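Have a look at the structure below, then the notes.
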Amino acid sequence: MQLEVPADLSLVAWDDSPLSQVVRPALTALSRDIPRYGAQAAQSLLALIGGEHVTGVQAETAKLTPRGSTGVPKDPTGARPPHGPAV
């Protein structure tokens, strides 16, 4: 498709990892507490197995770590804004 990252297309990983930092450009990523997610899922499952009523679980909001794979959006005409990269 001959697209350049981040000039034409921004990329964001669903979950951060060391690999996100070593690829070029470095990959913008969301960070989550995966062990905590697993613990919450296990607790809910055990409660269901035990016959308890389980309601929705509110997980912590993921943290965005901007890196080189995201850039300033173009406007519909293809022009670039005069300001620096988005943070």
Rolling a 1.4 angstrom probe over the protein chains, ignoring ligands and nucleic acids, what is the accessible area of residue 34 in square angstrom, nearest 10? 90
Surface accessible to a 1.4 Å probe, residue 8 within the full protein complex, Å²: 70
Taking a ≥ b ≥ c as the square roots of the Cα gyration tensor eigenvalues, with a/c under 1.5 meaning rounded and otherwise prolate when a/b beats b/c or oblate if not, the chain comes out prolate
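The values are calculated or read from the model by the stated rules, or taken from the named source; none is laboratory data. All values derive from a computational prediction rather than experimental measurement. Note: areas computed on protein heavy atoms with side chains; ligands, DNA, RNA excluded. Shrake-Rupley method; radii C 1.70, N 1.55, O 1.52, S 1.80 Å.
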